[in-house]
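Below: one structure, written as structure tokens.
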Amino acid sequence: MLLPGFIKKLLAVFRGSVAPPLILLSVMIGFWVGLMPGWSGLHTALVVVVLVLNVHLGLFLLSLGIGKAAALAAAPLLYHVGIYVQDHHSGILKALSSIPVIGMTDFSRYALAGALVIGPVVGAIAGLALAFTVINFRRMMLKADEKSEKFRTYYSKTWVRILDRLLIGKRAKDVKSMFVKTRYIRKAGVVLAIIVVGAFFAAAHFLQNTTVKNYATQTLTRANGAEVNLGSLGISLLGGSVSAEGLQVTNAQEPTQNQVAVEKMAASASIYDLLLGRLVMENVEVSGMQFHQPRQTPGEVLEVPGAVEEPFDPNGYAVDANDIAKLEKYAKDAKKLKEQLEQLRKWLPQGKDQAPVDATGPPDSYLKYLQAKAATSPTVTMLAKRILADKVELPSELFGSSAILLTNLSDAPEALGEPITLELTSHETPAALKTQVDYSTGTPQVTGTFEGFDLSKIQAGLGEDSGIAFDSGAASGSFAGQLTKELVDLTIKVDLKDLKAKGQGKGLLGLGAEQTSEVLAVMSELSTTIRVVGPITSPRLVFDTKGLGEEFKQALVKAGKDRLQKEIDSKLQEQLGDKLGDKVPDQLRDAVKTPGKSLVEGLGGLLGGKKEEDKPK
């Protein structure tokens, strides 16, 4: 009866010429690879080591199979050891993550982190036990060979070797051949390792438009909450470039529409970072970007739990509750605004105290033990250092065709340490916007400036209850505050120039539409401060009613003075000009007939007074 294959391989080790150190390495690496779940960059690196070193492939595969079986049986142990490694030796994992190829490993998996320690230890123990057993067996064979001439002659016969090979397995030519010094580097293995590395690059090239593209679209779909399509994806590991065409991002609220569509993107990428499992792009150029375009077929929308909105508490934001108004009041399409804020929320960062935690407790099955991951600190896996999209047709009358420049856009900005910047410049209007998000303080801080905002174009988006209707003017200013998934707290300083507006609805500050129009009629400039506070999907506006009221009060006084002045000028013109005619002195007649001047200024002090600055000093 022929022996099973794995027993033949084991007996071949005993009777072969493999050096004991290589036996140790074969078993140790085999258990190491087998105990680690899944496949990663570390698995690939260890396989390349096996090919280069002259280890026994059969023994390695045998140990790998035993290790895989042991991984399932010892899943809870790997899980708990992984927790200890994550908590006490995270520096080692971080160092391994910085090594090319090995860095393409998800060390946040508890079982993998545990196998990283247990694998070589268990493999070394098993390898040492087997190595010593082999040494003792070979010494026993050597003694028998030295003491018995018949045994030595019989063991060296050709037909015995052939029969032995068929029934038991491969062995050395004779007993002394078991102790022949072996080479530790396998020349054929070096060539094979080169072929494997080449195959890896070839696979990356030929699979980039299938496997890699599918992985990219699945990742983007999960992030977007709705189907994302990608026409083609090109990655050149040797050339260090990345390109994509036909990107379509479904609008989760309107599956028949694309939220954004891009014809082509191209960028240069770091080869070193690609080998670490990161995509770092230096310069990204985007062309053919469009918004709210119809899809050929409706996109699939993922089911996500509804966000629980807490009631707005003004006391949590240190604002006066009497000065708060809902943002929807000032929007013409409140529903659309709500949807846009909900979409924006998905891409905003977590607050300082809102980082996700692993509160699920121990897994309830062996497979979950092998899949569980630690809630580690965010790491950058995608970074675009500079993105330029020119001639982008924005769905906004305020901007229209514009240039968009983004810097330091990443999937983990809090770990990057560099602020994200956005510059938006219109080609059709004077509108320009610059903003920066800084994570250095823990909670993201937003700052920025804006200028050239045409108030007549802003009016198109305001509702009838906004209290004011802009005819013309320009807005500029700055803003600063916080903007996260949970809340918004922005202070906006606004300067209005060349203002022409009128009141509508209930007007501003309770003045009514008529009085608001009177105030605005004498105001060409206005400066005020507005705070936007509350949950990101339902923010409130807080006005500086004290400062705004003071400006309106002064404008009302000026409006009253102007009205009184016009009435006096009219009466004087009627009483003095018409009745006295040529009897009126020239100086007085010129003063009375000059419109737009105050009475005292027009008469030049003739009625008993001079302006303070005209008095002799």
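Nothing in this text is a laboratory measurement; each read-out follows from the coordinates by a stated rule. What you are looking at is a predicted structure, and each value in this text was computed from that prediction instead of being measured. Quick reminder, even Gly has a Cβ in these numbers, built from the backbone with ideal geometry, and neighbours come from all protein chains shown.
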* To do: Please report, to two decimal places, log10 I(q)/I(0) for the stretch 207-294 at q = 0.12, 0.16, 0.21, 0.24 Å⁻¹ as given by the Debye formula with identical point scatterers on the Cα atoms and no solvent.
  => -0.38, -0.66, -1.04, -1.23
* What are the residues whose amide H is under 5 Å from the amide H of Arg295, where those residues sit 5 or more places off or on another chain and H is modelled from the backbone? -> Gln257, Asn258
* Sequence ranges 443-455, 460-472, 74-86, ranked by mean other-Cβ count within 10 angstrom, highest first -> 74-86, 443-455, 460-472
* **Per-residue ³J(HN,Hα) for the stretch 464-481, Karplus 6.51 cos²θ - 1.76 cosθ + 1.60, θ = phi - 60°, Hz, x for Gly and Pro** => 6, 8, 5, x, 8, 10, 8, 8, 6, x, 9, 10, 8, x, 8, 8, 7, x
* the stretch 81-96 - phi-based ³J(HN,Hα) in whole Hz, Karplus 6.51/-1.76/1.60, Gly and Pro as x -> 5, x, 4, 5, 5, 4, 7, 10, 9, 5, x, 5, 4, 5, 5, 5
* Asked: Using the C-alpha atoms of the stretch 474-534, what convex hull volume per residue, in cubic angstrom, is computed?
  -> 96 Å³
* For Leu394, list long-range residues whose amide hydrogen, built 1.01 Å from N in the peptide plane, is under 5 Å from its own amide hydrogen. => Gly400, Ser401, Ser402
* Structure fact -> Exposure proxy check on Ser270, Ser377: fewest-to-most Cβ neighbours within 10 Å is Ser377, Ser270
* Which pairs in the list Lys326/Lys553; Lys336/Lys493; Lys336/Lys506; Lys68/Lys187; Lys213/Lys368; Lys264/Lys497 are over 32 Å apart, alpha-carbon to alpha-carbon? -> Lys264/Lys497
* Sequence-distant residues sharing a close amide H with Gly507 (under 5 Å, placed H) -> Gly467, Ala513
* Asked: What list of ³J(HN,Hα) couplings, whole Hz, do you get for the stretch 496-505 from phi and the Karplus terms 6.51, -1.76, 1.60, once you set θ to phi - 60° and write x for glycine and proline?
  -> 9, 10, 6, 6, 9, 8, 9, x, 8, x
* To do: Between the alpha-carbon centers of the stretch 241-282 and the stretch 444-516, tell me the distance in whole angstrom.
  => 35 Å
